[in-house]
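The values are calculated or read from the model by the stated rules, or taken from the named source; none is laboratory data. Every value quoted in this text rests on a predicted model; they were computed, and no experiment measured them. Note: ideal-geometry Cβ built from the backbone for every residue, glycine included; neighbour counts use all protein chains shown.
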Amino acid sequence: MKLAVIRFPGSNCDHDLLHALKFRLGYDVEYVWWGKKTLDGYDMAFLSGGFSFGDYLRAGAIATLTPVVAAVSEFAAKGKPVLGICNGFQILTEARLLPGALLHNSSMKFICDDVNVKVETANSPFTAKLPKGEVLSMPIAHMEGRYVANDDTIKKLEEEDRILLRYCNGDGVVDDGANPNGSINGIAGILSEKRNVAGLMPHPERACEKLLGGEDGIKFFQSIVSQLQA
Amino acid sequence: MKALVIIRLKDGILDPQGEAVRQAVRALDKAKVSNVRIGKIIEIEIDGADKTTAETSVRAMCDKLLANPVTEEYQIVDIS
């Protein structure tokens, strides 16, 4: 089983992600360059965080025109799992592989902080090994993390159980006080209609070393990959 | 040909940048500024195209990249 970590000019969490998946979890992982036209031979694709192509125009917009994002679309259409973290989530929404958009935080500030997120569904290849309601602590580091979508889309996401994670307090309570960026309904991560594409703003790859503040990211990645192996 | 495109956030989408500017201009001037919204202007120069062809390609650029239809709307204000 082989995992792909996709990198664009301006990606800056690619090393963290590869480190977490390879050295903390022991998986077979390779970097994949943005000019690559196919993801044949890989079982899962990760789009890492950063500022792809400088995030000019809108965060993640320019990256959607690369050959590798066309390859990610084909890969996703075959039902293969794709996970976008932070800028990766922004790219997936810009590429219309996930609904909605990520806009400037309501505070207009870049937020770099530890947050709690609650696992809202276990019905996904990403969270199947995590109990629903589990609270995970992970860092966020973003300027454009406010999830927005029209009312119909939000209703559909809620009804179809496609909210992956929501910002919450340490007791798992979702409220405005725990919402760092003004996302609708405290949404921190969502799933595609077929549930094989997911995006989240928090950084599980930065929560895989005790020395760096926590290991909850390991639980998240273990859940994903154990599903692939099953 | 030179095209001028304005991109705006759709009505109802919170614009925190506009809100910060609204508060600032209120401090600057006593006028009761009730709302400020910030968009983008994009100038595009196209070589060797007639107006109709240029407009078709600018529209395609807007639909595919320059504006995000989920949150924004665009207007081609001039092509000449």
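Anything in segment A:105-127 that is on the phi < 0 side of the Ramachandran plot, in a loop (DSSP other than H, G, I, E, B) and of a type outside the set (Asp, Glu)? List them, or say none.
A:Asn105, A:Ser106, A:Ser107, A:Lys109, A:Phe110, A:Thr121, A:Ala122, A:Asn123, A:Ser124, A:Pro125, A:Phe126, A:Thr127
Filter segment A:17-63 down to residues that are aliphatic (A, V, I, L, M), more than 14 Å from chain B (Cβ to nearest Cβ) and assigned to a helix (DSSP H, G or I) and give me whichever is farthest from A:Ala141 (Cα to Cα).
A:Leu21
Kindly indicate the residue of segment A:64-89 that is assigned to a loop (DSSP other than H, G, I, E, B) and of a type outside the set (Val, Ile, Thr) and also nearest to the other protein chains (Cβ to nearest Cβ) among those meeting that condition.
This residue is A:Cys86.
With A:Ala128, A:Ala149, A:Ala188 as the choices, which residue is touching a residue at least 24 places away in the same chain (Cβ under 8 Å), of a type in the set (A, V, I, L, M, F, W, C) and within 19 Å of A:Met44 (Cβ to Cβ)?
None of the other options fit; the residue is A:Ala128.
In the set A:Leu92, A:Leu130, A:Leu98, A:Leu102, which member is part of a strand (DSSP E or B) and either within 14 Å of chain B (Cβ to nearest Cβ) or at pLDDT below 95 (or both)?
Checking each option against the conditions leaves just A:Leu102.
Can you find a residue that is closer than 27 Å to A:Gly60 by Cβ and part of a strand (DSSP E or B) anywhere in segment B:13-33?
Scanning segment B:13-33 turns up no residue that is closer than 27 Å to A:Gly60 by Cβ and part of a strand (DSSP E or B).
Just to be sure before I move on: is A:Phe51 under 16 Å from the mean Cα position of the chain (by Cα) and surrounded by fewer than 22 Cβ atoms within 10 Å (Cβ to Cβ) in the structure I sent?
yes
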